[in-house]
1. Scan B:V208, B:V161, B:V182 and give me the residue that is hydrophobic (A, V, I, L, M, F, W, C), away from every other protein chain (no Cβ under 14 Å) and surrounded by 18 or more Cβ atoms within 10 Å (Cβ to Cβ).
2. Based on what the data block shows, is B:L115 under 18 Å from B:R132 (Cβ atoms), over 14 Å from the mean Cα position of the chain (by Cα) and touching a residue at least 60 places away in the same chain (Cβ under 8 Å)?
3. All but one of (1) on the phi < 0 side of the Ramachandran plot; (2) more than 17 Å from the chain's Cα centre (by Cα); (3) modelled with pLDDT of 90 or more hold for B:L59; which doesn't?
4. For the structure I just gave you, tell me whether B:R210 is among the basic types (K, R) and touching a strand residue (DSSP E or B) at 6+ places or on another chain (Cβ under 8 Å).
5. So, restricting to helices (runs of 4 or more DSSP H) that lie completely within the stretch A:107-158, which ones have at least 2 residues that are more than 14 Å from chain B (Cβ to nearest Cβ) and within 18 Å of A:L231 (Cα to Cα)?
6. For B:R259, all conditions in the list (1) at the interface with chain A (Cβ under 8 Å from one of its Cβ atoms); (2) at pLDDT 95 or above; (3) buried (at least 23 other Cβ atoms within 10 Å of the Cβ) hold save one; what is the number of the exception?
7. Can you find, within the stretch A:198-217, the residue that is surrounded by the fewest Cβ atoms within 10 Å (Cβ to Cβ) among those that are aliphatic (A, V, I, L, M), within 7 Å of another protein chain (Cβ to nearest Cβ) and touching a Pro at 6+ places or on another chain (Cβ under 7 Å)?
8. Specify the residue that is farthest from B:F145 (Cα to Cα); the eligible residues are those in the stretch B:76-102 that are assigned to a loop (DSSP other than H, G, I, E, B) and among the polar types (S, T, N, Q).
Amino acid sequence: MCANLTLVRRSVQLLMFVFLVYGSVVIGFYAADKISGALPALSCAYDSMNADYCALIPLQHQLHHRLGAAADAGNWFMFLMPFLTTVGTFLLLFVFLNKAFCGWVCPLGFFQEVMQLIGQKLGLRRVDSLTHGAVDKIRPVKWLMLGGLVLVLPALTSLGFLSDEWGDPFCQICPSRIMTTLLTGSNEQLFVDTSSPSYMALSITGDFLFGLMVALALTMRQPFCRICPMLALHAVFRKVGLARLVKQGSSRCEKCGLCAEACPMDIRELQSEFNAVARPKDITLADCTLCGRCVEFCPDKDVLQLRYLNVPVFSSSPAYFKRRKKAQTQWDSVKLIGFSKAEKEKV
Amino acid sequence: MRALIVFVLWMPAFMVQADLYWQPVPGRGGAHGGAAKMFKLAEQIPDAKRTVALLHSDLQRNPLEVDKGLYRVKGSGKNNYHALVAREEGSDYRHLAVRYLYFNGKPVDSSPSDLLAESLGELEIVPDPLPREHWRYTSDKPYRFRVQFNGKPLPEQPVLVMTETGSTEILHSDSDGVLKLVIPDDFATVVPGARKNPPGELRIFSEVDREGINYQSSLSMSYYVNPSHWKSASLGAMAALGGLLFGLWLNRRLPAHSRRKKRCVQI
């Protein structure tokens with residue numbers, strides 16, 4: 001049992017962040033299109049120093065550039081071959097780590113966690129959780145982002161129903177494009193494009209969304225992850241991933257709920273599902289990022305487990321829970337500045 | 001006096017002027033992709049011994065045949081950068097013209113670094129580096145090139161930079177043989193929109209004499225209008241600031257709530 005899973009995860013996130021934002025400095029300038037070209041994390045191709053990039057760019061480009069041409073030629077092979085190759089590359093990587101890409105690899109996810117730490121250390125008022133109603137309203141947005149911005153709009157553009165500006169609409173509004181390029185010292189992706197009304201609307205939306213994400217991440221956990229199309233894309237394939245979150249709950253779970261409280265994605269089903277089952281059940285839900293915080297903060301032995309190839313790699317235990325809770329309390333008590341009265345009183 | 005100044009300014013340009021260079025034929029193939037591209041070799045010496053070859057991204061070399069003064073370069077089916085190389089040789093001269101072309105296709109084991117490391121001639125102007133995928137040469141941006149002779153850097157080497165729209169500049173490589181160049185923003189007319197402006201042509205020439213032999217080298221490339229003409233960074237920062245302020249306001253409005261079922265508060 002490791003001393004602190006969150007510390008291990010943050011170390012991996014930091015390494016992956018450096019690799020995905022600045023990695024070309026280490027592994028070579030031209031490496032970005034050599035490693036996979038389709039990593040299921042929001043590592044932006046517009047970052048000139050990264051070492052690999054996001055699957056969403058090739059997906060949108062293949063729909064935009066090839067679907068219409070394939071329809072015109074009556075040759076679907078010329079569209080399906082590259083499209084399925086990208087999805088296949090993504091699937092291959094995804095099978096190995098499942099949704100852990102979101103919680104352990106994605107640079108935008110890590111950036112939001114860092115912003116949340118900064119907010120906490122500045123003593124800003126923390127929004128522990130969104131209401132159940134708000135969560136239920138937000139959950140479908142990621143599917144709309146995937147279906148609408150990544151698939152439907154580029155496809156309609158390719159078929160001639162929309163103007164060319166809508167060929168890669170998700171990239172136009174993606175906050176990771178702005179975040180990763182700003183962190184390499186370039187402000188080239190923070191702009192308002194005045195060349196057409198569509199580009200102007202998309203670029204203003206992207207800039208506004210970036211500012212909104214930064215502000216919300218200071219007080220709320222993972223605001224953009226909740227609507228990210230990558231989360232939805234992962235969710236489609238989550239049943240074939242080798243990494244899983246499993247639960248074998250008991251009647252105590254109904255009264256506890258510490259797992260749901262620890263979850264940065266507000267998955268309340270962690271508390272209510274699989275509480276009287278004979279065998280551990282897969283509870284890797286659509287919004288799960290396999291961060292493992294629910295397992296860390298579960299006080300009962302082996303109720304929650306992270307498994308790889310069905311072998312437990314990290315399990316909940318009373319001893320770990322006590323240590324972890326104590327460490328968290330100590331960490332939360334350290335504040336550099338106390339901006340919020342309510343947060344000061346909590347300490 | 002005025003004529004003297006013009007002559008003094010013209011002389012260095014003449015001294016580093018090299019003639020042989022690659023010129024794309026308009027309307028034949030894009031900057032990227034698998035489509036065939038058509039080029040002509042400008043300012044050839046009629047009687048020179050000439051060799052023209054395409055160095056593929058996997059470092060395989062294929063000779064190219066001329067057809068009515070044009071060289072047709074087909075997509076090789078291999079991904080990444082290729083080098084179009086022309087050499088002219090005579091008893092007292094060696095001329096080299098190079099142009100790097102991008103083709104889509106199957107991945108190859110070699111990287112553009114391997115391609116750039118290949119020796120194409122004695123005097124070379126080598127991009128350091130070539131633009132990566134999703135990037136291209138753009139006006140008003142800085143780029144680096146290595147000027148080298150027999151693989152060794154040429155310090156303080158004069159280099160002539162010309163665009164087809166008329167910009168001309170004499171630059172010198174630094175003590176490490178590195179040429180730092182900001183591509184001129186010299187498009188006569190700019191229409192808002194990345195795809196609405198045809199690319200310009202940039203040519204870099206250099207020349208040295210060694211042991212009675214004159215070596216000339218040229219590197220040519222397309223360059224594109226800097227999108228800052230229609231993309232405003234200050235407006236972008238304002239839009240992001242708007243999002244930030246809205247988010248900070250929203251933070252204060254969000255109700256405190258616990259996810260724990262037993263303390264659930266529905267609002």
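The values are calculated or read from the model by the stated rules, or taken from the named source; none is laboratory data. Model, not experiment: these values are computed from the prediction. Note that we place each Cβ from the backbone using ideal geometry, even for glycine, and neighbour counts take in every protein chain shown.
1. Details: B:V208 fails: surrounded by 18 or more Cβ atoms within 10 Å (Cβ to Cβ); B:V182 fails: surrounded by 18 or more Cβ atoms within 10 Å (Cβ to Cβ).
Criteria check complete, one pass: B:V161.
2. Values: under 18 Å from B:R132 (Cβ atoms): yes; over 14 Å from the mean Cα position of the chain (by Cα): yes; touching a residue at least 60 places away in the same chain (Cβ under 8 Å): yes.
When the stated conditions are applied, B:L115 passes them.
3. (1)
4. Details: among the basic types (K, R): yes; touching a strand residue (DSSP E or B) at 6+ places or on another chain (Cβ under 8 Å): yes.
Here the answer is yes, as B:R210 does meet what is asked.
5. On the way: elements: A:107-121, A:132-138, A:141-144, A:153-158.
Ranges flagged: A:107-121, A:141-144.
6. Single failed check for B:R259: (2).
7. First, the residues of the stretch A:198-217 that are aliphatic (A, V, I, L, M): A:200-202, A:204, A:209, A:212-217.
Next, only the ones that are within 7 Å of another protein chain (Cβ to nearest Cβ) stay: A:204, A:209, A:212, A:214-216.
Of the ones still in play, those that are also touching a Pro at 6+ places or on another chain (Cβ under 7 Å) are A:209, A:216.
Values: A:L209: 20, A:L216: 27.
The qualifying residue surrounded by the fewest Cβ atoms within 10 Å (Cβ to Cβ) is A:L209.
8. Step one: list which residues in the stretch B:76-102 are assigned to a loop (DSSP other than H, G, I, E, B), which gives B:76-77, B:79, B:91-92.
Still in the list and also among the polar types (S, T, N, Q): B:76, B:79, B:91.
Working: B:S76: 26, B:N79: 23, B:S91: 29 Å.
By that ranking, first place goes to B:S91.
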